[in-house]
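Notes follow the structure.
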Amino acid sequence: MQISVKTATFNLLRQLGMIWIVGNPGSTEETFLQDLPEDFTYIQALHEGSAVAIADGLAQGLRQPVLVNVHTGVGLGHSMGAILTAYQNKTPLIITSGQQTRDMLLFEPALTNVNAVTMPLPWVKWSYEPARPEDVPGAFMRAYAMAVQPPAGPVYLSVPMDDWDKMVTDCSYLRTVSHRVAPDPVRLADFAQRIDQSKNPVLIYGADIARSDAWDAGVHLAEQLQAPVWSTPFNERTIFPSNHGLYAGILPAAIAPLADCLQGHDLAIVVGAPVFRYYPYVAGHFLPEGTSLLQITDDPDAAGKSPVGDSLLGDSLLFLEQIMPLITPRSPLVRLHHHDQGATRSASEKFLSAEAVFSILKPLCPDEVILLEESPSNAPALRQIFLVDQPDSFYTFASGQLGWNMPAAIGLALHEQISGRHRPVIVFVGDGAFNYAPQCIYTGVRHHTHVIFVVLQNHEYAILKEFAIEEKLKNIPGLDLPGIAIADIGTAYGAHASVALTTMELEAAFREALSYQGVSVLQVPISSELHPLID
């Protein structure tokens, strides 16, 4: 029996559970979107970058790929920053765009995506434009298989707009692939022996702990070894309870200060992370004298580019489950661990400090929330006050791309609806970062998501000023952001918006946002204070 390419593709997507499509439609995509099956949900974004980031958040919540549809080459260009972030987040996405009709491709008419396959590289795992309409359903299956296999990540398909109505033989394209890779047992035994022989090991956990659902296993290994646990620099997920006695804090992101934190340990065990995301450059040794390093990662690229240490390829959860029986438990010791202290920051007379904002809001939060952060200059204070003690409750970007967290929060909130957990999603975002993706508010409002954007407004790119101080740079233009009416922007997109200047106003506005089952934007002017990048 013959069926259309579109019917065959939607049959496959349905079998794969990929019934959510995030996109911003264009003319070359309308042939794909027309008469969308009733069991599929289309989530409209107003910008392709927001579409990819919303899908990223939704996919992380669902723990499965999400389909993104953008507008030919121009929409793909709009979305490239978010695609880069999805790649570094290891988020499985199938990103599609329409291509011009095959009858005109030879002479490249308007909206042709010239060299479509190369355009998103290197930030997708696989990129393809089917040579024939008959290959489209099979290409989707291959895209899915590539996206979910470790390390997971986004893939890209360019599909000519006239392919969807072509006919193919009705057949099954569905197949399955592994989502995890197990560690080499011989090398695993060697790592276990080296851990057992170490006198004072230290654990360093990365975001793969969260992605592989290894929260409990990570706690068990730390308690078995009685070893302190550091979070890697620029960690995009929650990897260990911040209120646990063995939690040591977040490692600094510069070479010399990071090594200083490992002084006294003869073995550093890095699970689920690259070694390391360094920035800024502070020269020094990668490790203290007498310290060796073991790295466990599912990413051959991360293993290959590590400047120091010995690597083992493997899924974080499988590694932890398989290594623990091979390691001798250690007796509890009295240890003094470092926790993130941060500098004491005073409030100005006119505005609350960022620390004051966090301290006011933390007691008002329910026990179960999802937290996101895109205010780099205030991130240390936030992590110090909001001690996250539950898995899958904190998210941010792995790339440093401003404009990711706000739309990703919409995707995570959509998952809260789908899962029935209905945790409120709270986003602390700087006024500079807010302006990268405010249009995502519209999507959140349309889908009745419960998201609270707390916009910390210091009228500047404070993090860039702090970098300038660190690097002894002067007279840099474009670092001040006066005159932006944040609440008005929120109102324009349909959110419940307010400005909070005092403690009482902030408490009242936040309580109202928690009770309001929709999108809220809280504009909170804060004091302008600059602090050392590296304490």
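The values are calculated or read from the model by the stated rules, or taken from the named source; none is laboratory data. Computed from a prediction, not measured in an experiment: that's the story for all the values here. Cβ placement follows ideal geometry from the backbone for every residue including glycine, while neighbour counts extend to all protein chains displayed. Note: accessible area is taken over every heavy atom of the protein model, side chains too, but ligands, DNA and RNA are not part of it. Shrake-Rupley method; radii C 1.70, N 1.55, O 1.52, S 1.80 Å.
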TODO: With the full set of protein chains in place, find how many percent of the accessible area of the chain is carbon and sulfur; take the probe as 1.4 Å.
DONE: 54 percent
- [ ] Across the chain, how many lysine pairs, 8 or more positions apart or on different chains, have C-alpha atoms separated by under 29 Å? Please give the number.
- [x] 13
- [ ] Could you size up the charge dipole of the chain around its Cα centre, putting +1 on the beta carbon of Lys and Arg and -1 on that of Asp and Glu, and report it in debye to the nearest 20?
- [x] 480 debye
Open item on the list: List the residues, sorted by chain then number, that are 5 or more residues from VAL519 or on another chain and whose placed amide H is less than 5 Å from its amide H.
Closed with: VAL451, HIS496
Open item on the list: So if I take the centroid of the Cα atoms in region 279-325 and the same for region 115-148, what is the distance between those two points in Å?
Closed with: 31 Å
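With the other protein chains left in place, how much accessible area per residue, in square angstrom, belongs to the chain at a 1.4 angstrom probe?
Numbers: 21630 Å² over 535 residues.
Using a 1.4 Å probe on heavy atoms only, each residue of the chain averages 40 Å².
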- [ ] Calculate the radius of gyration of the Cα atoms of region 243-284 to one decimal place, then report Dmax, the largest Cα-Cα distance, as a whole number, both in Å.
- [x] 11.2, 32
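How big is region 104-186 by the Kirkwood estimate over distinct Cα pairs, in Å?
Final number for the Kirkwood radius of region 104-186 is 14.8 Å.
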Task: Amide hydrogen neighbours beyond the local backbone of ILE250, cut-off 5 Å, H modeled - done: SER231, ASP340
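Near ALA210, within a Cβ-to-Cβ distance under 11 Å, what is the net charge of the other residues, with Lys and Arg +1 and Asp and Glu -1?
Details: positive: ARG63, LYS90, ARG211, ARG237; negative: ASP208, ASP213, GLU236, ASP392.
Surrounding charge for ALA210 is 0.
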- [ ] Would you please name the GluC sites (Glu not before Pro) within region 215-292 that are DSSP coil residues with at most 11 other C-beta atoms within 10 Å of their C-beta?
- [x] GLU289
- [ ] Tell me the label-point distance for the pair PHE40, LYS350, using the 7 Å Cα-to-Cβ offset, in nm and rounded to one decimal.
- [x] 5.3 nm
Task: Percentage of interatomic Cα-Cα distances in region 1-138 larger than 19 Å - done: 50 percent
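Keeping all protein chains in place and using 1.4 angstrom, which order do CYS440, CYS365, CYS171 fall into by accessible surface area, from largest down?
Details: CYS440 0, CYS365 25, CYS171 75 Å².
Ranked list, largest accessible area first: CYS171, CYS365, CYS440.
Averaging the inverse of every distinct alpha carbon separation and then flipping it gives the Kirkwood radius. What is it for region 374-482, in angstrom units? Can you show the working numbers first?
On the way: mean 1/r = 0.0657 Å⁻¹.
Result for region 374-482 stands at 15.2 Å.
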Open item on the list: Given R₀ = 30 Å, what would the calculated FRET efficiency be for LYS199 paired with HIS531, taking r from the Cβ atoms and rounding to 0.05?
Closed with: 0.25
Open item on the list: Quick check: with the 1.4 Å probe, what order do LYS465, LYS166 take by accessible area, largest first?
Closed with: LYS166, LYS465
Task: Mean-position separation - Cα centroids, region 95-113 and region 398-427, in angstrom - done: 34 Å
Open item on the list: For a quick check: with amide H placed at 1.01 Å from N, whose amide H comes under 5 Å from LEU267's, ignoring anything fewer than 5 positions away on the same chain?
Closed with: ASN200, VAL202, SER292
Open item on the list: If a paramagnetic tag sat 7 Å from the Cα of THR491 along the Cα-Cβ line, which residues of region 403-439 would have the backbone N under 19 Å from that point?
Closed with: 435, 438-439
